[in-house]
Structure formats: C-alpha cells, structure tokens
Amino acid sequence: MAKIRRNDKREMPALNTSSLPDIIFMLLFFFMSVTSMKEVSLKVQFTNPQATELTKLEKKSLVRYIYVGTPTSEFRKQYGAESRIQLDDAFADKREIGDYIINERSAMKEQDQGLMTVSIKADKETRMGIIADIKQELRRAYALKISYAATQRTSY
Amino acid sequence: MADISFLLLIFFLVTTSMDVNQGLARRLPAPIPPDQKVEDTDINKRNLMVVKINSMNQLMVQGQLMDVKQLREEAKKFIKNENDDTWYPKLFEEDFGAPFGVLKYTKEHVISVQNDVDTQYQAYLNVQNELVAAYNELRDECARKYFHTAYNDLDEDTQKRIQKIYPQKISEAEPKNYGGN
C-alpha cells in the first residue's frame, strides 16, 4: 500500500544560481557600453555654468577641451588660487593654446579637420578676461567652432 | 565565470562617468590678417543693438539698465521690427520663395555684445544664451507659421532657408575696461 510520506521538517531548496552569470553579464555589457573613460585627470576644479539653449557635442573624437578654473587643493600651493588654464594633462599658458590646437588638428584626419570643435569648460565664477584671451587665441589658430560647456538650467 | 564578470562589472561601475557633453555652440569670427588694416565698418545706428555687461554683471541695453530676463523679448522685438519703427533696424523686402513669399526682414541688424574683463563667465553666458534663445524662438515661430512643425523637426535645407530670414548676427568686441574696479 502506498504510503504518503510526510516529512515534518521540510528543507528549503537551494537558490538556483545557474542564471546568475547571465544577469551579471547583462549588467556588465550595460556598463561597458555607457562608460566613457575620463579623458584627463583634472587639475583644476570648476562647476559648469547654466544655460538653456544647449546643443549636444556629437562626435567625441572631434572635440578638444580647454579647462579653466582654480587649481585643486594639491596644486594650490604651487600655482596659487587664481584661475588657470589646463590643456590635456598639464597647466598651460594662454600662449600655448594656439600650438596645442594646431598640433591636435594636424593629428586628425584631413576631412575631419574643419569639423574640430573646441569645448571650453570653465568655472562659472571665472572672469571674462581669461575667456576672452582664450577666444582670441582660438581665432588666431582658426579653431572657430567652439562650445561653452554648460548644464541645463531648470529654473531661474 | 561569474566571478570574472563580477570583477569586470565592478571595474566598469567604478570607471563609469555618465556625463553628457553639452554646451552653447557658437562660432568665432575669422581672424583679421595682419597685413589688413582694421576698418571701422560704419553701421547705421538704428541697425545696432548694443548690449554691455559691466564688472558688476549689470546689463545695459541701448543705454538703459535692463534685467537679463527682459533681454530675450527686447532682442526679439529688435530683430523683427514688426511695426517698421524708425528706432529699430531697417526692413528689407526680399522674395524667399514658396512658401514664404515676399517677406520684410531686418537684413543688416547687428547685436553687439561688449563685456568687461571682470565680467563673470556665468553672466556673459546668460546674455549669450538669451540672445541665442531669441533667434531660436523667432525661427521656431516661423517654422510653425509656414510648416506647422517645430523648427528642430525640419530638414536641414528648410532650416537653412529659415536661417536666411533670421540670420544670427551677434558680434563680440574685444573686452575693455568700462569703469568700476
């Protein structure tokens, strides 16, 4: 005669982890695709100004950045607290901008050279004197497409 | 397997920065060749709108103190000159082809932005932003009137034709010291 066995102490089955790698891989690919490596290590600190009429910078390979802001705390002793310009990984003088732009442009493909955009990432507290100097240097180097990096303003 | 992918996952998690690069796109004027003399181009006074920002970030438009929030409307009035006022830019008639037909527009208007060396970057950008916004709004109004869609949804050729009606003319002088410390 069949006997229905009833275990009073039923054990909970172990969690099935066979799909765990799939989930992790999915997450991995998500983060891989959205990641953009930091281009440079910033030596200046800045908060972007705000604006409303923003356009996205399309091709990252065609964009070069000029950072303007006060040196971060570890460089403050050496460079003071005045606004400074950073090109690539180093502090730069405004006179170096022209050479930098020309070098970067000649490294690009010929058909892309006219499409180069310079993004000015400056702190919102910066005085316009330094920005105007940068603009004059860019004009002289024929880098006429510029973009003032800013964040979207939500309200006044 | 899962361990390795966990490791990679954590690596990408840490290095991820999801910042979007956006900004106010502008175009600088071409440099003046050194052998060319700087000519003072004579612009009729009515065609010129002077926007000055001083070192205290105060705004002066056509000789009057103004808040930056009013600048957009003022610029739109100036660019359009709907009532053919004599203190706004001169209107020109031109045939823009279908569907625009013959339109009056202020062909020679110039908005001149002058800032001080000590002007704050944010204040300067606010002014630039409002002026660009004025043009964008005018173009959008035009697109809605003739094509019943937003300006941004039009194809590039049509956008260029609208740009001809509202050409963006923002001139920037070299910064000078206008009083104040």
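The values are calculated or read from the model by the stated rules, or taken from the named source; none is laboratory data. Remember, predicted model here, so these are calculated numbers, not experimental data. Positions of Cβ are backbone-derived with ideal geometry, glycine not excepted, and every protein chain shown enters the neighbour counts. Just so you know, the surface numbers come from the protein's heavy atoms only, side chains and all, with ligands and any DNA or RNA stripped out. Shrake-Rupley method; radii C 1.70, N 1.55, O 1.52, S 1.80 Å.
For chain B, the 222 nm mean residue ellipticity estimated from helices alone, with every DSSP H stretch of n ≥ 4 adding -39500 (n - 2.57) and the total spread over all residues, rounds to -11500 deg cm²/dmol. Plainly put, segment A:14-156 has a radius of gyration that is 1.11 times its Kirkwood radius, both from alpha-carbon atoms, as the Rg/Rh ratio.
Gap in Å between the Cα centre of segment B:25-91 and the Cα centre of segment A:31-104? A separation of 31 Å, based on Cα centres.
For the protein assembly as shown, the solvent-accessible area of protein heavy atoms averages 62 Å² per residue (probe radius 1.4 Å; ligands and nucleic acids excluded). Using +1 on the beta carbon of Lys and Arg, -1 on that of Asp and Glu, and nothing else charged, what's the dipole of segment A:98-155 about the Cα centre, debye to 20? The calculated dipole for segment A:98-155 is roughly 240 debye. Association of chains B and A removes close to 4600 square angstrom of accessible area from solvent, both sides included, for a probe radius of 1.4 Å. With both labels modelled 7 Å from their Cα along Cα-to-Cβ, the A:Phe91 to B:Gln58 distance reads 3.5 nm. Rolling a 1.4 Å probe over the protein heavy atoms of chain B, with every protein chain left in place, gives an accessible area that is 51 percent carbon and sulfur.
Based on Cα contacts under 8 Å between residues 6+ apart, segment B:38-96 shows a relative contact order of 28 percent. The B:Leu103 and B:Asp42 beta-carbon pair, evaluated with R₀ = 35 Å, returns a calculated FRET efficiency of approximately 0.85. Looking at segment B:22-121, the chymotrypsin sites (Phe, Trp or Tyr not before Pro) that sit in a DSSP loop and have at most 13 other Cβ atoms within 10 Å of their own Cβ are B:Trp87. For segment A:26-108, averaging the sequence separation of C-alpha pairs within contact (under 8 Å, six or more residues apart) and dividing by the residue count gives a relative contact order of 27 percent. Partner shielding of B:126-133 amounts to 4, given as the average count of beta-carbon atoms from other chains within 10 Å of each residue beta-carbon. Only Cα pairs under 8 Å and 6+ residues apart enter the sum, and on that basis the relative contact order of segment B:20-148 stands at 28 percent. Please give the helix A:20-34 orientation as an angle from the longest Cα principal axis of chain A, in degrees from 0 to 90, rounded to the nearest 10. Rounded to the nearest ten degrees, it is 10. Taking the 0 to 90 degree range and rounding to the nearest ten, how far is the long axis of helix A:128-140 tilted relative to the main principal axis of chain A, both from C-alpha atoms? In chain A, helix A:128-140 runs at an angle near 80 degrees to the longest axis. To test your reading of the geometry: what angle, between 0 and 90 degrees and rounded to tens, separates the Cα axis of helix A:96-106 from the longest principal axis of chain A? Between the helix axis and the principal axis of chain A, the angle is about 60 degrees. Among the GluC sites (Glu not before Pro) found in segment B:1-102, those both in a DSSP coil and sparsely packed, with 11 or fewer other Cβ atoms within 10 Å of their Cβ, are B:Glu39, B:Glu82. Using the Karplus relation 6.51 cos²θ - 1.76 cosθ + 1.60 with θ = phi - 60°, the per-residue 3J(HN,Hα) values for segment A:89-95 come to 9, 9, 5, 9, 8, 5, 5 Hz, with x marking Gly and Pro. The HN-Hα couplings worked out from phi for segment A:54-65 by the Karplus form 6.51 cos²θ - 1.76 cosθ + 1.60 (θ = phi - 60°) are 9, 10, 7, 7, 6, 9, 5, 5, 9, 9, 10, 10 Hz, whole numbers, x standing for Gly and Pro. Magnitude of the charge dipole for segment A:12-156, about its Cα centre and with charges confined to Cβ atoms of Lys, Arg (+1) and Asp, Glu (-1), is about 360 debye. When the Cα positions of B:Ala98, B:Ala123, B:Gln70 are compared along the charge dipole of segment B:69-181, B:Ala98 comes out farthest toward the positive end, with charges on each C-beta of Lys, Arg, Asp and Glu. Under 5 Å between amide hydrogens, built in the peptide plane, is the criterion, and for B:Ser55 it picks out nothing among residues at least 5 positions away or on other chains. 3J(HN,Hα) along segment B:51-61, derived from phi through the Karplus expression 6.51 cos²θ - 1.76 cosθ + 1.60 where θ = phi - 60°, amounts to 10, 10, 10, 9, 6, 9, 6, 8, 10, 10, 10 Hz, with x in place of Gly and Pro.
Extending 7 Å from the Cα toward the beta-carbon at both A:Glu11 and A:Met26 defines two label points whose distance is 3.0 nm. For chain B, modelled as a GNM whose springs connect Cα atoms under 10 angstrom apart, the maximal fluctuation among B:Arg26, B:Arg72, B:Arg161 occurs at B:Arg26. Rounded to the nearest 20, the Cβ-based charge dipole of the protein assembly as shown about its Cα centre (Lys and Arg +1, Asp and Glu -1) stands at 940 debye. Applying a threshold of 26 Å to the alpha-carbon distances of A:Lys109/B:Lys107; B:Lys52/B:Lys77; A:Lys59/B:Lys76 flags A:Lys109/B:Lys107; A:Lys59/B:Lys76 as lying beyond it.
If you run the Gaussian network model on chain A, springs between alpha carbon atoms under 10 Å, then out of A:Ser33, A:Ser106, A:Ser73 the most flexible one is A:Ser33.
Rounded to the nearest angstrom and listed largest first, the equivalent-ellipsoid semi-axes of the protein assembly as shown from its Cα gyration tensor are 49, 29, 20.
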